[in-house]
Amino acid sequence: MAAGAAEAAVVEVGSTRQFEELLRLTAKSLLVVHFWAPWAPQCAQMNDVMAELAKEHPQVSFVKLEAEAVPEVSEKYEISSVPTFLFFKNSQKIDRLDGAHAPELTKKVQRHASSGSFPPSGNEHPKEDLNLRLKKLTHAAPCMLFMKGTPQEPRCGFSKQMVEILHKHNIQFSSFDIFSDEEVRQGLKTYSNWPTYPQLYVSGELIGGLDIIKELEASDELDTICPKAPKLEERLKVLTNKASVMLFMKGNKQEAKCGFSKQILEILNSTGVEYETFDILEDEEVRQGLKTFSNWPTYPQLYVKGELVGGLDIVKELKDNGELLPVLKGEN
């Protein structure tokens, strides 16, 4: 019954006429369209994500449109791969997301749903100067890769090769998917005077594209330029000790992404104790590695001073016994 209700919240569009009519009818609200294909398993997963988002945002209209079945619409909006998501307000396209990136889709829905019925220039905060934004992005991590797709799911051969080289040399890097932001995609070409992707930056300075990185690798210079990644165990040790009380969960303090994480947040918030969170959905290496590191197979996981306390059931038990507060304060 519940599953049926969730499915009903996502409208399926089967023709150009139906799509245009829907665009007209939903002009005053946010419309999110998933261009999908039945043969792509990642599309099925994202349809499930859409159904969940539809339950959380009843004021937003969610639509799925089979890209190959309605080619006129797909061609009009230059849909070249699936899944692709388009965002509309006032019958105008305001944003786009290429690829199966559930956290990014969630963020975009939240942002556009809360920004009123205005195009992007009327967002809740003034539009940041593009050059300032690009400067911040290129400095976001000591080593930043601007690529098509993500390290887990590269969306072009050059980006895939770049990720493989960086991983082979155990180089620690963060990445930005240029498909997720057209303004960054175009702006960075001018900012860096480099017309293609991927682009690798170290300390905010452009190193170059794939050919340059291959040359640096061949001359053994790559290892001296890029920061090395700490071994996973060292990284997990640092993360579990990042705050006196650390919660590894699905989502974050502002928005839990599963019922168990939501419950544990409510319990922790009721204690008044300060704590930090880590979203395991954003980092697959941490998500899998912490299970072995802590010998605990599920999430959420709560740590105090680097030591595992346990999951939701343990935390509930400690709360019921009146022992939770002393444990969180490190007294027990």
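What are the pairs with Cβ atoms under 7 angstrom where one residue, in the stretch 82-103, is of a type in the set (Ser, Thr, Tyr) and the other, located anywhere, is modelled with pLDDT under 90? Sequence gap at least six, or different chains.
So the pair list comes out as Thr84/Asp98; Ser91/Leu23; Ser91/Arg24; Ser91/Ala27.
Give the number of residues within the stretch 256-277 that are within 21 Å of the chain's Cα centre (by Cα) and open to solvent by 40 Å² or more (accessible area, probe 1.4 Å).
Residues meeting the conditions: 5.
Is it the case, given these coordinates, that Asn90 is among the polar types (S, T, N, Q) and on the phi > 0 side of the Ramachandran plot?
Yes: the conditions hold for Asn90.
Which condition from (1) of a type in the set (A, V, I, L, M, F, W, C); (2) closer than 24 Å to Arg111 by Cβ; (3) surrounded by 15 or more Cβ atoms within 10 Å (Cβ to Cβ); (4) more than 24 Å from the chain's Cα centre (by Cα) is the one that Ala27 breaks?
(3)
Out of the residues in the stretch 278-307 that are touching a residue at least 60 places away in the same chain (Cβ under 8 Å) and buried (at least 16 other Cβ atoms within 10 Å of the Cβ), which is farthest from the chain's Cα centre (by Cα)?
Val304
Could you tell me which of the residues Gly204, Gly208 is in contact with a Leu (Cβ under 7 Å, 6 or more places away or on another chain) and not assigned by the TED database to the domain that holds Thr292? Break it down into steps so the answer makes sense when it comes.
On the way: Gly204 fails: in contact with a Leu (Cβ under 7 Å, 6 or more places away or on another chain).
Matching residue, one of Gly204, Gly208: Gly208.
Please tell me if Ala69 is open to solvent by less than 50 Å² (accessible area, probe 1.4 Å), of a type in the set (Gly, Ala, Ser) and either closer than 24 Å to Ile178 by Cβ or over 20 Å from the mean Cα position of the chain (by Cα) (or both).
no
Residues of the stretch 173-204 being open to solvent by 50 Å² or more (accessible area, probe 1.4 Å) and either among the aliphatic types (A, V, I, L, M) or touching a residue at least 60 places away in the same chain (Cβ under 8 Å) (or both), which ones?
Hits for the stretch 173-204 are Glu182, Tyr191, Ser203.
Would you say Glu68 is under 19 Å from Gln254 (Cβ atoms) and acidic (Asp, Glu)? Steps first, answer last, please.
On the way: under 19 Å from Gln254 (Cβ atoms): no; acidic (Asp, Glu): yes.
Answer is no for this residue.
Would you mind finding the one in Lys257, Lys262 that is touching a strand residue (DSSP E or B) at 6+ places or on another chain (Cβ under 8 Å), touching a residue at least 24 places away in the same chain (Cβ under 8 Å) and within 30 Å of Glu153 (Cβ to Cβ)? Give the steps one after another, and end with the answer.
Details: Lys262 fails: touching a residue at least 24 places away in the same chain (Cβ under 8 Å).
Of the residues listed, the single one that is touching a strand residue (DSSP E or B) at 6+ places or on another chain (Cβ under 8 Å), touching a residue at least 24 places away in the same chain (Cβ under 8 Å) and within 30 Å of Glu153 (Cβ to Cβ) is Lys257.
Yes or no: Leu328 over 30 Å from Val49 (Cβ atoms), in contact with a Phe, Trp or Tyr (Cβ under 9 Å, 6 or more places away or on another chain) and open to solvent by less than 80 Å² (accessible area, probe 1.4 Å)?
Spelling it out, Leu328 is indeed over 30 Å from Val49 (Cβ atoms), in contact with a Phe, Trp or Tyr (Cβ under 9 Å, 6 or more places away or on another chain) and open to solvent by less than 80 Å² (accessible area, probe 1.4 Å).
Restricting attention to the stretch 149-172, report how many residues are open to solvent by less than 50 Å² (accessible area, probe 1.4 Å) and not aliphatic (A, V, I, L, M).
Matching residues across the stretch 149-172 total 8.
The values are calculated or read from the model by the stated rules, or taken from the named source; none is laboratory data. This one's a predicted model, so the numbers in the text were calculated from it and none came from an experiment. Glycine also receives a Cβ, built like all others from the backbone with ideal geometry; neighbour counts cover every protein chain displayed. Ligands, DNA and RNA are excluded from the accessible area calculation, which covers all protein heavy atoms including side chains. Shrake-Rupley method; radii C 1.70, N 1.55, O 1.52, S 1.80 Å.
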